[in-house]
Amino acid sequence: MAAVARGARTNLGLLVLLAIAFLTGWLAFAFATAPSRWSLIIHATSGFAIIALLPWKSMIARRGMRRAQPARWASIMFGLLVVVSLAAGLLQSTGIALSIGPLSAMDFHVGGAIAAVPFAIWHVAARRVRLRPADMSRRAALRGGAVLAGAAAAYAMSEVVVRASALPGAARRFTGSYEAGSRDPDQLPVSSWMFDPVPAIDTSNWSLRTPGRTWTYEQLYAFDDRMTATLDCTGGFYSTQDWAGVRVDRLIGDASGASIRVVSHTGYDRRFALPSASKLLLATRIGGRPLDPGHGFPVRLVAADQLGFWWVKWVVAIEVDDVPHWWQAPFPLQ
Ligand code: HEM
């Protein structure tokens, strides 16, 4: 009986920890500033707590395997995906392997976690956790607290080990990203949020639409507003480059509204609060040279202090309207 109660608590604990890890992972992706680090500290602690509970979970799973369970494969799949996500998270944070074949460790990490979600929902519905009052006792709370404290200590220790053994992870940014090709545009990786292909744009029949007028490439290229900014990509790299182009506040003039919508040739778009216009640069150059197609030719947005998916490439329109800037999916859906 006691074993069953402990099993229920372990299952519930795992579920809560998985939810925390999932949410804080996305929260970290929402920022390229300090909140990202805080989210990742909670993220890593919950990840280590999941690892700490795995021996208990494997005992519960083995007990379950002895019984005939419907759709057992789905439980196995769920477990496998979580383990893949955990392992890839550790490969990324230690820097032991940042890519596996053509995919990055982050692709496996986030991909594994997303793929696990439907299995997690099924698992919770099909194998209900039945808690009793005794499971919520002071003792149980103390045990939970001890697991969390142990996980936080293990995480802190892992950071010490990464540094002491000079693993590549010691040099990663607070967002978990690794430096790539700073101030060397040829070495800047090409990446897009999801599946946008690189378009071939001919500037002789291209123009940028802004409130009240359109601009040719030559007109935009004549501006020389400069900004040094770090592109930090959810794929796990960052790169500091010298960008030049035109500040967005110059392009929108005195247009009034609540937000700025920056639209790509591919249909991809992101909204920004109107007062941030002077901090946004529509870049025509990187390192003193025109952009290349992979990096957004003819013009791309530079949104310092925001993760790469805000840096809209191949921009064709900058609109100002009354839609609030927060009225958009937190992460692009295309
Ligand atoms: C099943 C859900 C997840 C689990 C159990 C999990 C667990 C982990 C673990 C154990 C690490 C290594 C921590 C470290 O040593 O620093 C990690 C790293 C990381 N995870 Fe997750 N994760 C999950 C989902 C996600 C999601 C959905 C995202 C983003 C959308 C994400 C973003 C990250 C990032 C950016 C790192 C690198 C942190 C660093 O290097 O400091 N994770 N994760």
The summed charge of the Ala244 Cβ neighbourhood (under 13 Å; Lys/Arg +1, Asp/Glu -1) stands at +2
Can you give me the Cα centroid spacing of segment 116-142 and segment 1-61 in angstrom? 13 Å
Only counting other Cβ atoms within 10 Å, I'd like Val16, Val110 sorted with the fewest neighbours first. Val16, Val110
Rank the residues Trp56, Trp310, Trp73 as a footprinting-exposure proxy: fewest other Cβ atoms within 10 Å of their Cβ go first. Trp73, Trp56, Trp310
Where the only charges are on Cβ atoms (+1 Lys, Arg; -1 Asp, Glu), what is the dipole of the chain about its Cα centre, to the nearest 20 debye? 2420 debye
Using the Cα atoms of the chain, I'd like the radius of gyration and the largest Cα-Cα distance, Dmax, both in angstrom. 23.7, 77
Taking the dipole about the Cα centre of the chain, with the C-beta of Lys and Arg at +1 and of Asp and Glu at -1, give me whichever of Gly235, Gly267, Pro211 is farthest to the positive side. Gly235
Could you give each residue of segment 110-119 its phi-based ³J(HN,Hα) in whole Hz, using Karplus coefficients 6.51, -1.76, 1.60 with θ = phi - 60°, and x for Gly or Pro? 6, x, x, 5, 5, 5, 6, 4, x, 5
Residue among Ala61, Leu98, Val117 farthest towards the positive dipole end of segment 2-173, charges placed on Cβ: Ala61
Whether segment 124-202 is rounded, prolate or oblate, judged on the alpha carbon gyration tensor where a/c under 1.5 counts as rounded: oblate
Sorted by chain and then number, the residues having a modelled amide H within less than 5 Å of the amide H of Asp305, at least 5 places away or on another chain, are Thr230
Computed ³J(HN,Hα) along segment 91-96: with the Karplus parameters 6.51/-1.76/1.60, θ = phi - 60°, integer Hz and x for glycine or proline, the list is 4, 5, 6, 8, x, 4
Quick one: which residues, 5 or more positions from Asp242 or on another chain, have an amide H under 5 Å from its amide H? H modelled 1.01 Å from N in the peptide plane, none for Pro or chain starts. Arg183, Gly287
The chain: most fluctuating residue of Thr216, Thr234, Thr175 per GNM, C-alpha cutoff 10 Å: Thr216
So what are the ³J(HN,Hα) numbers for segment 163-171, from phi and the Karplus equation (6.51, -1.76, 1.60; θ = phi - 60°), rounded to whole Hz, Gly and Pro as x? 6, 4, 8, 6, 5, x, x, 4, 9
Expressed in µm² per second, the diffusion coefficient of segment 38-127 from the Stokes-Einstein equation, with Rh the Kirkwood radius over alpha carbon pairs, at 10 °C and 1.306 mPa s, is 112 µm²/s
Which number comes out as Rg/Rh for segment 2-173 once both Rg and the Kirkwood Rh are worked out on C-alpha atoms? 0.98
With charges set only on the Cβ (+1 for Lys and Arg, -1 for Asp and Glu), what does the dipole of segment 250-306 come to about its Cα centre, in debye to the nearest 20? 60 debye
Compute a Gaussian network model of the chain, connecting alpha carbons closer than 10 Å, and tell me which residue from Leu231, Leu90, Leu220 fluctuates the most. Leu220
Principal-axis tilt of helix 2-29 within the chain, Cα atoms, nearest 10 degrees: 10 degrees
For segment 273-334, what are Rg and Dmax over the alpha carbons, in angstrom? 12.5, 36
Report, in debye and to the nearest 20, how large the dipole of segment 2-173 comes out about its Cα centre when Lys and Arg carry +1 and Asp and Glu carry -1 on their Cβ. 900 debye
Among Phe78, Val302, Thr175, whose Cα lies farthest out toward the positive end of the dipole of the chain, if unit charges sit on the beta carbon of Lys, Arg (+1) and Asp, Glu (-1)? Phe78
Among residues other than Thr234 whose Cβ falls under 13 Å from its Cβ, what is the net charge (Lys/Arg +1, Asp/Glu -1)? -1
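Values quoted throughout were computed directly from the atomic coordinates according to the rules given, and no laboratory measurement underlies them. Bear in mind the structure is a predicted one, so any value in this text is a computation, not a measurement. FYI the Cβ positions are ideal-geometry reconstructions off the backbone, even for glycines, and counts take in every protein chain you see.
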